[in-house]
Structures are given as structure tokens and as C-alpha cells.
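Peer 1: One structure, pasted below without further comment.
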Amino acid sequence: MGRPIQRKWFGPQSGPGSQIIVTGAKFADGTTPASYIMSQTGDTAYMVQDLAKTKTPEILFLVNANATAALLPGQMYINATPFGGTALPAKRIAQYRISLYTVPNTVARPTGVADGRVVEYSWSTIPATKAGQATLITESATTGVVTSVTVGTAGAGYFTAPTVTFPISGTGATAKATVSATGTISGVAVLTGGSGYVTGGVATISPPPPSVTATATATAVGGIITAVTLTNGGGFYTSAPGVTLGGGGSGATVTAVISGGRVTGFTTLVGGTGYTAPTVVIGPPPVAVTALATFTSV
């Protein structure tokens with residue numbers, strides 16, 4: 001392996017510092033988050049940490065690739081750019097030396113080099129300035145990465161996932177809310193952690209649409225209610241509302257049926273007696289309540 005990479009190029013567990021960013025990585029579970037090297041464990045093996053620190057670090061192996069889609073679980077690739085050339089995948093990295101494949105996704109023989117050999121360069125964090133040098137992409141550790149979102153108020157009246165946004169103090173974070181069957185926000189998953197966010201900030205969840213009360217009409221024959229007809233299904237019911245039948249008679253009852261937060265029809269009609277001008281009053285849905293959440297960053 002030669003002299004291993006100096007520790008100063010490893011990403012720290014927390015706080016700013018230099019780090020070698022992995023161009024592409026695939027963890028054992030098949031996920032491909034942005035990552036950095038934590039330590040060197042072998043000739044082509046490195047302990048790699050998810051940049052958002054949402055996964056346990058894993059040992060990954062350098063392979064000759066130039067696309068994350070080409071990786072198998074447990075593999076990674078790192079690109080470097082030789083002076084006067086284009087980005088190429090690394091085969092191994094020593095303290096200040098880097099061996100590169102000359103053609104991405106191949107092990108073709110370089111001109112004048114025996115089979116099984118790769119071209120070696122000195123590397124630096126600044127752009128290469130002469131032949132024999134290569135630029136290895138490094139950067140300061142990203143801080144303010146959103147790692148989790150905690151729902152403080154679950155809200156009410158959600159039947160489709162709302163949007164989740166973060167304050168303008170940072171950039172790049174995205175998240176997806178999960179809606180329960182009762183119209184509340186049951187959780188928020190971080191999709192990308194972004195950077196620059198102050199921990200404990202507020203994640204804004206868009207409000208649900210306003211609640212709408214369903215309406216219906218009734219028909220009576222000989223004082224008996226024979227039909228209840230839905231005219232507006234309303235919106236954002238979490239349970240079947242009560243239905244009151246009026247209009248001069250007594251004893252009539254009916255049960256509302258809901259689906260997807262709306263009243264869709266009626267069942268178990270009892271017609272009663274004495275209704276001359278039947279009316280229908282459907283109970284309102286719960287008041288829509290906007291969900292509230294905070295986030296944690298590192």
C-alpha cells in the first residue's frame with residue numbers, strides 16, 4: 001500500500017476539517033448517499049461515512065468505475081483529474097501518491113506500461129500544475145447537515161403529503177412527510193441533508209386544505225323519508241359524521257359513509273314518519289390544523 005493517507009485528509013466525526021470526498025459509494029443495503037473517507041484499512045479498502053451521518057460507517061472497496069449505478073454493494077469509486085486530462089477513477093491512494101486507471105470502467109493497458117500496471121501521479125488538493133500531478137477532490141467537512149425531523153404537532157386534515165421546507169439559513173435539505181389514515185402527519189423522513197442549517201430550527205410543513213362540510217337532500221313519500229341524496233361530499237373527514245334528518249317528522253335516521261376524507265354516500269336508512277319538508281344536516285369535519293416540526297443538524 002505504501003505510506004497510508006495522512007489522517008488530516010480523513011473526515012472528522014464532527015466539526016469542520018479536510019476530508020476526501022467519495023465520488024460514488026454503495027453501502028451494503030444498496031443506498032448511495034454522499035460520503036467521505038474516515039480511515040484507510042487496506043490497499044484499496046476504506047472506512048466510509050455517510051456525509052449526513054445517518055448510517056453506520058462501512059468498509060468499502062475502490063473499484064474501476066465512473067458511475068454509482070455501476071457499483072455493487074460494498075464498492076466505491078473516487079475520481080481524480082491528471083494535469084491536462086479529464087477525471088479518471090483511482091485504483092489506490094497513498095499519502096501523496098495516487099494510482100489511476102487510464103480509461104474509466106476498463107483496465108486497458110496504458111501506452112508504454114505493462115499489463116496490470118496503472119499510471120501513478122502525485123496528488124494535491126489544489127489544481128495540478130504540471131505533468132505527473134493529479135487533483136484529488138477534497139473539501140472541508142460539511143456542517144449543518146439535517147439528520148432528522150421531529151413532528152411536534154401532528155396536525156389534522158391531511159390526506160395527501162404536504163411539502164416540507166427548511167429555513168434559508170442553510171441549503172439543499174429535502175424531506176418527505178408521511179400522512180396517517182386519520183389525516184395527521186405521522187413522520188418526516190430526511191431525503192437529503194443539505195448544509196449550513198442551525199440545529200433546532202423549524203421545519204415548515206404546508207397547511208392542509210380547509211375543511212368542507214358535506215351536504216345532502218332528502219326525499220319523503222307519505223311522510224316517510226325514502227332517500228337521502230349526497231350533493232357535496234365535503235372534505236377531510238377523519239370519521240363518519242353524524243347526520244340529522246328534520247322537516248316536521250320523527251324517527252328517521254341514516255348513516256354516512258366516508259372514503260378518502262369525503263362523504264361518499266349513506267346507508268341503513270330508517271324512514272320515520274310525518275316528514276313534510278325533509279332536511280339533512282351533516283356534521284362538519286374536524287378543523288384543519290397545520291402540523292409543526294423541528295429538525296436536528298450536525
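Peer 1: Just one of Gly234, Gly260, Gly248 is out of contact with any strand residue (DSSP E or B) (no Cβ under 8 Å at 6 or more places or on another chain) and closer than 30 Å to Ala203 by Cα; which is it? Outline the logic, then answer.
Peer 2: Values: Gly234 fails: out of contact with any strand residue (DSSP E or B) (no Cβ under 8 Å at 6 or more places or on another chain); Gly248 fails: closer than 30 Å to Ala203 by Cα.
After applying the criteria, what remains is Gly260.
Peer 1: Shifting gears a bit: Could you list, in sequence order, the residues of the range 23-42 that are part of a loop (DSSP other than H, G, I, E, B) and of a type outside the set (Asp, Glu)?
Peer 2: Going residue by residue through the range 23-42, those that are part of a loop (DSSP other than H, G, I, E, B) are 23, 27-34, 41-42.
Once the filter is applied, which keeps residues that are part of a loop (DSSP other than H, G, I, E, B) and of a type outside the set (Asp, Glu), the range 23-42 yields Thr23, Phe27, Ala28, Gly30, Thr31, Thr32, Pro33, Ala34, Thr41, Gly42.
Peer 1: Can you tell me which of Thr184, Thr290, Thr178 is among the hydroxyl-bearing types (Ser, Thr, Tyr), under 25 Å from the mean Cα position of the chain (by Cα) and closer than 30 Å to Ser35 by Cα? Spell out how you get there, then give the answer.
Peer 2: Details: Thr184 fails: closer than 30 Å to Ser35 by Cα; Thr290 fails: closer than 30 Å to Ser35 by Cα.
That would be Thr178, the only listed residue that is among the hydroxyl-bearing types (Ser, Thr, Tyr), under 25 Å from the mean Cα position of the chain (by Cα) and closer than 30 Å to Ser35 by Cα.
Peer 1: Any residue in the range 34-58 that's within 12 Å of Arg92 (Cβ to Cβ): show its pairings with residues that are part of a strand (DSSP E or B) and hydroxyl-bearing (Ser, Thr, Tyr) at Cβ separation under 8 Å, as long as the two are six or more apart or on different chains.
Peer 2: Gln40/Tyr46; Tyr46/Ser39
Peer 1: Look at Ser148 and say whether it is at pLDDT 80 or above and farther than 30 Å from Pro89 by Cα.
Peer 2: On the way: at pLDDT 80 or above: yes; farther than 30 Å from Pro89 by Cα: yes.
Considered against the rule, which asks whether it is at pLDDT 80 or above and farther than 30 Å from Pro89 by Cα, Ser148 comes out as yes.
Peer 1: Looking at the range 239-262, I want the residues that are closer than 19 Å to Gly223 by Cβ and have a partner that is among the aromatic types (Phe, Trp, Tyr) with Cβ atoms under 6 Å, at least 6 apart or on another chain. Which pairs are those?
Peer 2: Cβ pairs passing all conditions: Gly247/Tyr275; Gly248/Tyr275; Gly249/Tyr275; Val254/Phe266.
Peer 1: Oh, and also: Kindly indicate which of Gly193, Gly187 is closer than 23 Å to Thr23 by Cβ, in contact with a strand residue (DSSP E or B) (Cβ under 8 Å, 6 or more places away or on another chain) and at pLDDT 80 or above.
Peer 2: On the way: Gly187 fails: closer than 23 Å to Thr23 by Cβ.
Checking each option against the conditions leaves just Gly193.
Peer 1: Limited to the range 269-287, what total is found for residues that are under 30 Å from Ala154 (Cβ atoms) and part of a strand (DSSP E or B)?
Peer 2: Of the residues in the range 269-287, the ones under 30 Å from Ala154 (Cβ atoms) are 281-287.
Adding the requirement that they be part of a strand (DSSP E or B) leaves 281-282.
Here the count works out to 2.
Peer 1: Out of all the residues in the range 97-119, which are at pLDDT below 80 and in a strand (DSSP E or B)?
Peer 2: Here is the first cut: in the range 97-119, the ones at pLDDT below 80 are 102-119.
Within the range 97-119, Val119 is the sole residue that qualifies.
Peer 1: Run down Ala203, Ala220 and say which single residue is in a strand (DSSP E or B), closer than 30 Å to Lys55 by Cα and either at pLDDT 95 or above or of a type in the set (A, V, I, L, M, F, W, C) (or both). Full working, then the answer.
Peer 2: Working: Ala220 fails: closer than 30 Å to Lys55 by Cα.
Being in a strand (DSSP E or B), closer than 30 Å to Lys55 by Cα and either at pLDDT 95 or above or of a type in the set (A, V, I, L, M, F, W, C) (or both) holds for just one of Ala203, Ala220, which is Ala203.
Peer 1: Taking the conditions exactly as written (touching a Leu at 6+ places or on another chain (Cβ under 7 Å) and surrounded by 20 or more Cβ atoms within 10 Å (Cβ to Cβ)), does Ala218 satisfy them or not?
Peer 2: On the way: touching a Leu at 6+ places or on another chain (Cβ under 7 Å): yes; surrounded by 20 or more Cβ atoms within 10 Å (Cβ to Cβ): yes.
For Ala218, the condition - touching a Leu at 6+ places or on another chain (Cβ under 7 Å) and surrounded by 20 or more Cβ atoms within 10 Å (Cβ to Cβ) - is met.
The values are calculated or read from the model by the stated rules, or taken from the named source; none is laboratory data. These numbers were taken from a predicted model, which means no experiment stands behind them. Ideal geometry is used to build each Cβ from the backbone, glycine not excepted, and the neighbour counts take in all protein chains shown.
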